[in-house]
Amino acid sequence: MKTGDRIRRRPGEATYERIYALVRQIPAGYVASYGQIAALVGRCTPRMVGYALAALPADSDVPWQRVINAQGKISPRADSQGTARQRQLLEAEGIRFDAQNRVNWRQVRWPGPELDWLLANGFSPEPAWTPENAKS
DNA sequence: CACGTGACAACTC
DNA sequence: AGAGTTGCCACGT
């Protein structure tokens, strides 16, 4: 170990790629929060998840629309049309929004990947916390 | 409920 | 090679 090794990450596995790998596991009909993804990735902030998703190319195979904020709402961003598109994609997958434009977390929250998948892909078996849990 | 605070990697010159 | 730019959040008070 040299003095610059703050974060141990596997060679070739950039943080963004790990975020993408995780988001790819979210099945249609479920959504995850930025904080939930961040907790699974480890050494990652919810904001970074947003950064990573914002950097995705349009033709990406990552289901970015399945990640929303802890309030259960679609995060506003620069391109307002993108927000509408995200909602459209989610509704096509069966996600319902209430009058406040929020989803019902208890119904559609992604439980997370299988334990063996986590282990096989170098993720921590137990996420420290999720924002939704921390509040309650 | 509104506000301020915390905290990061990838890309582009 | 290094500095500057960019970008979809959560929490406590």
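A short reminder: the numbers here are calculations on the coordinates, not readings from a lab. Small disclaimer: the values here were computed from a predicted structure and weren't measured. In this analysis, Cβ positions are derived from the backbone assuming ideal geometry, glycine residues included, and neighbour counts consider all displayed protein chains.
Of note:
- A:Ile19 within 10 Å of DNA strand B (Cβ to nearest atom) and in contact with a helix residue (DSSP H, G or I) (Cβ under 7 Å, 6 or more places away or on another chain): yes
- Only one of A:Ser60, A:Ser80, A:Ser33 that is at negative phi and touching a strand residue (DSSP E or B) at 6+ places or on another chain (Cβ under 7 Å): A:Ser33
- Checking A:Ile37 against (1) away from DNA strand B (no atom under 14 Å from the Cβ); (2) under 21 Å from A:Asn121 (Cα atoms); (3) in contact with a helix residue (DSSP H, G or I) (Cβ under 8 Å, 6 or more places away or on another chain), the condition it does not meet: (1)
- Listed conditions (1) out of contact with any Phe, Trp or Tyr (no Cβ under 8 Å at 6 or more places or on another chain); (2) in contact (Cβ under 8 Å) with a residue 12 or more places away in the chain; (3) within 15 Å of DNA strand B (Cβ to nearest atom); (4) farther than 18 Å from A:Glu17 by Cβ are all met by A:Met48, apart from (4).
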